[in-house]
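This report concerns only the one structure given below.
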Amino acid sequence: MKKILIIDDDTTFQKTMRAKLESLNYEVSSATDGEEGLNKATTEKPDLLLLDIRMPKMDGMTMLKKLRDNKDTPQPVVFITSNMSTDDNISDGVLLGVKGYIIKSNETLDTIVREVESTLNPTNK
């Protein structure tokens, strides 16, 4: 079973995304800030992260840099999920190997799930 970690301080987004992904037989966990997210990414070794940028304690880009710097940890596929879309954030994400950048306010739950599914199960198109 593929593991997904949702790191986002928007608990409504977390809960709805989690319910949808679990209904598709993914193992889903969540964190509400970058510190907790980094800890879970290191210990749970997810296949994919849905990562917000603006969060308390540690922002998403700082968390991702720390995760990428830890060469002993498996490196998951990362989608940035945010309502911020500055060029700096996008270019920082590209440098850190982000798979995609999803503007939450512009996408539906189903389109986000399709991105996840096509990434984790590319032969199920």
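Restricting the first member to region 44-63 and to residues that are in a loop (DSSP other than H, G, I, E, B), and the second to residues that are surrounded by fewer than 17 Cβ atoms within 10 Å (Cβ to Cβ) and modelled with pLDDT under 85, the beta-carbon pairs closer than 6 Å and six or more apart or on different chains are LYS45/PRO74; ILE53/MET84.
Is one or more of the residues making up region 38-58 buried (at least 23 other Cβ atoms within 10 Å of the Cβ) and more than 18 Å from PRO76 (Cα to Cα)? Yes - at least one qualifying residue is present in region 38-58.
Scanning region 84-114 for residues that are part of a loop (DSSP other than H, G, I, E, B) and either surrounded by fewer than 13 Cβ atoms within 10 Å (Cβ to Cβ) or at pLDDT 85 or above (or both) returns THR86, GLY97, THR108. Among the residues of region 18-43, the one identified as touching a residue at least 60 places away in the same chain (Cβ under 8 Å) and under 13 Å from the mean Cα position of the chain (by Cα) is LEU21. Considering the conditions (1) in a loop (DSSP other than H, G, I, E, B); (2) within 17 Å of THR81 (Cα to Cα); (3) among the hydrophobic types (A, V, I, L, M, F, W, C), MET1 is excluded by exactly one of them, (2). Report yes if LEU24 is under 18 Å from GLU115 (Cβ atoms), touching a strand residue (DSSP E or B) at 6+ places or on another chain (Cβ under 8 Å) and not β-branched (Val, Ile, Thr), otherwise no. Taking the combined requirement at face value, the residue does not satisfy it.
Return yes or no: is THR81 at pLDDT 85 or above, of a type in the set (S, T, N, Q) and either within 14 Å of the chain's Cα centre (by Cα) or over 27 Å from ASN121 (Cβ atoms) (or both)? So THR81 fails the test. Here ILE6 meets each of (1) open to solvent by less than 10 Å² (accessible area, probe 1.4 Å); (2) out of contact with any Pro (no Cβ under 9 Å at 6 or more places or on another chain); (3) assigned to a helix (DSSP H, G or I) with one exception, condition (3). Of everything listed in (1) crowded, with 17+ Cβ neighbours inside 10 Å; (2) not in a helix (DSSP H, G or I), the single unmet condition for GLN14 is (2).
The values are calculated or read from the model by the stated rules, or taken from the named source; none is laboratory data. It should be emphasised that the depicted structure is a prediction, and the values quoted were computed from it without experimental measurement. Please note: Cβ atoms are built from the backbone with ideal geometry, for glycine as well, and neighbour counts cover all protein chains shown. The area values use the complete protein model at the heavy-atom level, side chains included, leaving out ligands, DNA and RNA. Shrake-Rupley method; radii C 1.70, N 1.55, O 1.52, S 1.80 Å.
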